[in-house]
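Below: the structure, in structure tokens.
The values are calculated or read from the model by the stated rules, or taken from the named source; none is laboratory data. As the structure is a prediction and not an experimental result, all values here were calculated from the model. All Cβ positions, glycine included, derive from the backbone under ideal geometry; neighbour counts span all protein chains shown.
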Amino acid sequence: MNKTRASGILLHPTSLPGKHGIGSMGKSAFKFVDWLEESNQTLWQILPLGPTGYGDSPYASFSTFAGNPLLIDLDILVDDGVLIAKDCITPDYITTQGSIDFGAVTFWKTPLLYKAATNFLSQKKSKKFQDFCSEHQWWLEDYATFMSIKVEYDIKAREENVDGKFWNNYWPKDLAARNKKALKKWKETHSQNILLEKIIQFFFFSQWMKLKSYANAKGIKIIGDIPIFVALDSADVWSNQKFFQLKADGTPKFVAGVPPDYFSKTGQLWGNPLYDWKVLRKSKYNWWKKRISATLSMVDIVRIDHFRGFESYWAVPAGDKTAEKGSWIPGPGHHFFTALGKSLGEIPLLAEDLGVITPEVGKLRDDFNYPGMKVLQFAFGDNTPETEPLTNAFLPHLYTNRCIVYTGTHDNTTLRDWLNELAPHELSLVHEYLGGNCPDELLVNELIRLAYMSVADYAVFPLQDIFSIGSEGRMNTPSTLGGNWAWRMSEEHLCSKKAEWLKKLSRLYARNYSDK
């Protein structure tokens, strides 16, 4: 990793402003990059970019390789000649400001994307599209086939008024099991549907790579995100069943989660199928190598969510209602990252090392020199007696250079709301740590300053914290469904006053200046 002190903003593209109900890779995204440059920020951190399903979580995608069609900008498709402006007039039921209504956006936008893909298909064959298909064939064919089957059987499930129907419990058994004859017949009878899915992915990748190139040209690196686990209802599991701990009928034997922790008294039951690391090891981890390589073609730095799962992971018997009765199972550990390094070279990787971190997890992280995470919201709640020194590892005076400091993450509430909810003795400790002379209304700014001045190589701030937004700005509440991932910024947030403040902090604390 480059040791230049850097800082930046955490903002998922869905949170960008715009007229079509959800952020996209259009003009607002480019304006945001311009604002980052104006603010002298050199990092833009995002969440996973994959297509989302039930619950709208970027961490439960239909594919770890595909892009989210909802991020495709419609105005660009108009400019490309595959839609007309009249197609893209936002209907009244779409909220153009405020939180995202994912259901409404999906209902309106998805048919438009298929229309654009159909219009593209009727035009002269594009060499860029053909090259895209050739380059991504190794995952694109399975993904497009999976989605073509899924769309048809999701419609059937809705007509029958049933929920929770995935490939393993609702599709015809021969398609679920990937029977060669059944797949061949499906592809022959649904060739256009499959082709449309590929075209939509071409739209996504074309727009994203232009945006990434624009950011990189301005000296801004994009930090991407790889969830350690993938969703059961995904092309990843369906097309690679031997790599997961599944029963013969495709149902999981065990599922992922974490034991009771800061976020939940009963633990977090994620429900993802667990890897069969023995089989993956025999394959020389090729699927994982492709996964990381593919992500690095789209971003500049990779954050691996739940890094500790590579040392050992929490396995919960499938069917349990909570994550309390799981057990720790050894992961692939050093062997895995050594194999990655031999194939991919030095990987610009950040380790999400929050939660139950044992000395073994710390050693795995440090042996490969991966920066870990420090979150200021975790720093002031250890109830240390007044006569004792403060030894909470999230406090900046205990940082080493090789880490990335956040005021909060996508799973935390905003910094303003966190301060509002602190117990009196915790709030008093925050004041004391900051010198005792800061009014409550300025604590957010001073905690941001604290992160800036720390020795951490990287400092990243949710945009909500830069503007001291309250609980309405929370992105996600773990272990809950509904109301998550929906926050959106407004055009007013791209203001010069805040840009000047961030630029000043960057100068004062020597961030975003090369050490060469």
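Data table
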quantity: Listing of helices (runs of 4 or more DSSP H) fully contained in the stretch 422-498 that carry 3 or more residues being surrounded by fewer than 18 Cβ atoms within 10 Å (Cβ to Cβ); calculated: 424-433, 443-453
quantity: Of all residues in the stretch 335-348 being touching a Leu at 6+ places or on another chain (Cβ under 9 Å) and within 17 Å of Val299 (Cα to Cα), the one that is surrounded by the fewest Cβ atoms within 10 Å (Cβ to Cβ); calculated: Leu344
quantity: Any hit, the stretch 314-322, residues being surrounded by 21 or more Cβ atoms within 10 Å (Cβ to Cβ) and either among the hydroxyl-bearing types (Ser, Thr, Tyr) or assigned to a loop (DSSP other than H, G, I, E, B) (or both); calculated: no
quantity: Which listed residue, of Lys325, Lys290, Lys284, is surrounded by fewer than 21 Cβ atoms within 10 Å (Cβ to Cβ), of a type in the set (Lys, Arg), in a loop (DSSP other than H, G, I, E, B) and touching a residue at least 12 places away in the same chain (Cβ under 8 Å); calculated: Lys284
quantity: The stretch 8-35, residues that are under 24 Å from Glu352 (Cα atoms) and assigned to a helix (DSSP H, G or I); calculated: Pro13, Thr14, Ser15
quantity: Residue selected from the stretch 74-121 under the condition under 18 Å from Gln201 (Cα atoms) and of a type in the set (Asp, Glu), by the criterion surrounded by the fewest Cβ atoms within 10 Å (Cβ to Cβ); calculated: Asp79
quantity: Matching residues, the stretch 249-296, being modelled with pLDDT of 95 or more and of a type in the set (A, V, I, L, M, F, W, C); calculated: Phe254, Val255, Ala256, Leu274, Trp277, Val279, Leu280, Trp287, Trp288, Ile292, Ala294, Leu296
quantity: Every pair of residues 6+ apart whose Cβ atoms lie under 8 Å, when the first sits in the stretch 350-371 and is free of Cβ contacts under 8 Å to residues at least 40 places away in the same chain while the second is part of a loop (DSSP other than H, G, I, E, B) and acidic (Asp, Glu); calculated: Gly362/Asp353
quantity: Filter pass, Lys363 being at pLDDT 95 or above, touching a strand residue (DSSP E or B) at 6+ places or on another chain (Cβ under 6 Å) and either of a type outside the set (A, V, I, L, M, F, W, C) or part of a helix (DSSP H, G or I) (or both); calculated: no
quantity: Matching residues, the stretch 341-357, being at pLDDT 95 or above and either farther than 18 Å from Arg402 by Cα or assigned to a strand (DSSP E or B) (or both); calculated: Gly341, Lys342, Ser343, Leu344, Gly345, Leu349, Leu350, Ala351
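Listed here are the residues, each with its yes/no results for (1) in a helix (DSSP H, G or I); (2) hydrophobic (A, V, I, L, M, F, W, C); (3) under 23 Å from the mean Cα position of the chain (by Cα).
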{"residue": "Pro58", "(1), (2), (3)": "no, no, yes"}
{"residue": "Thr95", "(1), (2), (3)": "no, no, no"}
{"residue": "Trp108", "(1), (2), (3)": "yes, yes, no"}
{"residue": "Leu113", "(1), (2), (3)": "yes, yes, yes"}
{"residue": "Thr118", "(1), (2), (3)": "yes, no, no"}
{"residue": "Glu141", "(1), (2), (3)": "yes, no, no"}
